[in-house]
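What follows is a single structure, written as structure tokens, with notes after it.
The values are calculated or read from the model by the stated rules, or taken from the named source; none is laboratory data. Quick caveat, the model's predicted, so the values are computed rather than measured. Heads up, the Cβs are rebuilt from the backbone with ideal geometry, glycines too, and the neighbour counts pull from every protein chain shown. Surface accessibility is based on the protein's heavy atoms, side chains included, excluding ligands, DNA and RNA. Shrake-Rupley method; radii C 1.70, N 1.55, O 1.52, S 1.80 Å.
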Amino acid sequence: MTSVAGLSPFPGFADFGGRVWLNTAHQGALPLAAADAAREAIAWKTLPFELTQARFDEVPMRLRRALGRLVNVPATDIVLANSASYGLNLVASAFPWSTGDEVLVMAGDFPSDILPWLRLEQQFGVKTVRIRPRGRVVEPDELRAAITSRTRLFCTTWVHSFSGFAIDLEALGAVCREHGVRFVLNGSQALGARPLDLATAPVDAFISVGFKWLCGPYGTGFIWLDPEFRRELRPTKAYWLAMQTAEDLGTEVVEAELRGGLGARAYDVFGTANFFNFVPFAAAAEFLTALGVESIRDHDQALVSRFIDGLDRGRYLITSPKDHGPRRSTLVFFSHKEKERNRGIYEALVRAGIHVAFRGGSIRLAPHLYNGSDDIDRALRALHEPCEPVAPK
Ligand SMILES: Cc1ncc(COP(=O)(O)O)c(C=O)c1O
């Protein structure tokens with residue numbers, strides 16, 4: 001796919017009115033097709049007779065199909081969620097813990113990857129051990145050294161939100177398998193910018209938000225549980241819509257009974273026909289799959305290379321991976337050599353309509369499919385203004 005005059009080669013997004021959105025690590029832009037789908041869902045609720053039983057039932061089914069296709073697993077193995085936190089808490093509460101078990105996490109990981117396991121200490125006497133990596137993410141030898149006979153599970157992010165480093169997924173997964181440790185992966189900062197085949201990836205549970213690189217609405221996410229791992233988990237809830245359907249209420253009032261054998265949907269978030277969010281989320285996932293995540297990845301990485309190659313290294317340092325390869329993500333972290341200038345530079349960029357993020361004292365730039373090389377060049381021009389972008393505070 002080639003770009004025209006520096007514009008993104010992927011149409012299908014709103015005109016940003018001269019602004020540049022380089023902050024997908026915070027929120028992805030909703031594709032126009034998904035915005036149309038959201039309007040359709042609003043129309044159903046505005047005229048409630050349009051919210052037919054068939055439409056209501058189709059909402060979770062369409063979303064499961066779209067997500068299953070995106071990551072190459074059966075739709076029936078997808079758990080619907082409203083966040084990444086939902087999925088991480090779900091695994092923490094459903095896992096069959098015994099007193100003395102240990103969970104491994106990375107010190108400094110995104111809080112949602114650490115907090116759910118900390119709760120287990122009081123509840124079940126399960127200890128959370130934080131691996132302090134020598135670099136920015138856990139390496140296979142560090143994981144191997146931290147595993148003990150009590151280790152049951154390792155949880156980490158695929159792409160680290162605070163450094164932009166990606167883990168060596170295959171190698172960490174292999175260490176977990178060697179030691180019979182379950183591997184829970186949070187792909188929130190990766191999926192949509194990186195292809196994923198869950199039929200072969202060495203993970204037991206995969207969790208992602210829907211509102212960043214998947215370009216869905218806020219308050220969306222999903223989980224994939226390997227079916228063999230899922231069978232080990234305890235039930236965590238009894239949702240009437242998973243046990244029966246709204247249709248069942250029509251024929252006769254059936255006495256409520258617990259049902260087993262529900263598969264992945266036993267773990268769905270309540271409100272699975274959440275049409276305002278899940279209809280546009282499904283449309284966004286379908287849109288990305290139709291474009292092909294490999295093409296999106298290549299485009300995003302070309303933008304990352306353009307920024308890294310173009311940045312004045314006399315003035316700025318890049319702290320995320322610089323070389324093209326599996327460890328580099330779509331999150332680029334950089335800093336002025338005088339670090340205290342970063343906040344001012346960030347504010348000047350935002351005032352110029354170039355939206356990046358300020359994280360941990362550095363600036364984070366995160367381009368995605370709606371950005372073109374013109375956006376990168378504009379950010380570079382603003383950063384290279386002959387007089388310093390902004391006076392230090
Ligand atoms: C890696 C990672 N996980 C989780 C989240 C948050 O997810 P949620 O609020 O849906 O739990 C973020 C960012 O907000 C993130 O970067």
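Quick look at the numbers
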read-out	value
Residue check, Ser373 farther than 24 Å from Trp158 by Cβ, touching a helix residue (DSSP H, G or I) at 6+ places or on another chain (Cβ under 7 Å), touching a residue at least 24 places away in the same chain (Cβ under 8 Å) and not hydrophobic (A, V, I, L, M, F, W, C)	yes
Verdict on Ser112 being of a type in the set (Ser, Thr, Tyr), out of contact with any Pro (no Cβ under 8 Å at 6 or more places or on another chain) and within 15 Å of Leu185 (Cα to Cα)	yes
Every residue from region 309-340 that is surrounded by 20 or more Cβ atoms within 10 Å (Cβ to Cβ) and of a type in the set (D, E, K, R)	Arg328
Number of the condition not met by Thr157 [criteria: (1) modelled with pLDDT of 95 or more; (2) surrounded by fewer than 23 Cβ atoms within 10 Å (Cβ to Cβ); (3) of a type outside the set (Phe, Trp, Tyr)]	(2)
Matching residues, region 17-52, being within 23 Å of the chain's Cα centre (by Cα) and not in a helix (DSSP H, G or I)	Val20, Trp21, Leu22, Asn23, Thr24, Ala25, His26, Gln27, Gly28, Ala29, Leu30, Pro31
Single condition Ala145 does not satisfy, out of (1) touching a Leu at 6+ places or on another chain (Cβ under 7 Å); (2) of a type in the set (A, V, I, L, M); (3) assigned to a helix (DSSP H, G or I)	(1)
Thr289 being of a type in the set (Val, Ile, Thr), at pLDDT 95 or above and open to solvent by 30 Å² or more (accessible area, probe 1.4 Å)	yes
Pairs where the first residue, in region 225-239, is within 19 Å of Cys155 (Cα to Cα) and basic (Lys, Arg) and the second is modelled with pLDDT of 95 or more and not in a loop (DSSP other than H, G, I, E, B), C-beta under 7 Å, 6+ apart	Arg230/Ala264; Arg234/Ala94
Top-ranked residue in region 125-159 [being closer than 19 Å to Phe95 by Cβ and among the basic types (Lys, Arg); ranked as farthest from the ligand (Cβ to nearest atom)]	Arg150
Pair list, Cβ under 7 Å, 6 or more apart: region 57-84 residue more than 27 Å from Pro116 (Cα to Cα), other residue among the aromatic types (Phe, Trp, Tyr) and assigned to a helix (DSSP H, G or I)	Val59/Phe275; Val59/Phe278
Wholly within region 198-277, helices (runs of 4 or more DSSP H) carrying at least 1 residues that are within 30 Å of Leu30 (Cβ to Cβ)	240-243
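Yes/no per residue for (1) under 30 Å from Asp374 (Cα atoms); (2) within 16 Å of the ligand (Cβ to nearest atom):
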site	(1), (2)
Ala25	yes, yes
Glu40	no, no
Phe49	no, no
Met61	no, no
Pro74	no, no
Leu88	no, yes
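Listed here are the residues, each with its yes/no results for (1) open to solvent by 30 Å² or more (accessible area, probe 1.4 Å); (2) away from the ligand (no atom under 16 Å from the Cβ); (3) in contact with a Ser or Thr (Cβ under 6 Å, 6 or more places away or on another chain).
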{"residue": "Asp204", "(1), (2), (3)": "no, yes, no"}
{"residue": "Val209", "(1), (2), (3)": "no, no, yes"}
{"residue": "Thr220", "(1), (2), (3)": "no, no, no"}
{"residue": "Leu225", "(1), (2), (3)": "no, yes, no"}
{"residue": "Arg230", "(1), (2), (3)": "yes, yes, no"}
{"residue": "Pro235", "(1), (2), (3)": "yes, yes, no"}
{"residue": "Leu241", "(1), (2), (3)": "yes, yes, no"}
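Conditions tested, residue by residue: (1) touching a residue at least 40 places away in the same chain (Cβ under 8 Å); (2) hydrophobic (A, V, I, L, M, F, W, C).
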residue	(1), (2)
Pro140	no, no
Thr148	yes, no
Leu153	yes, yes
Ile167	no, yes
Arg182	yes, no
Leu196	yes, yes
Ile207	yes, yes
Gly219	yes, no
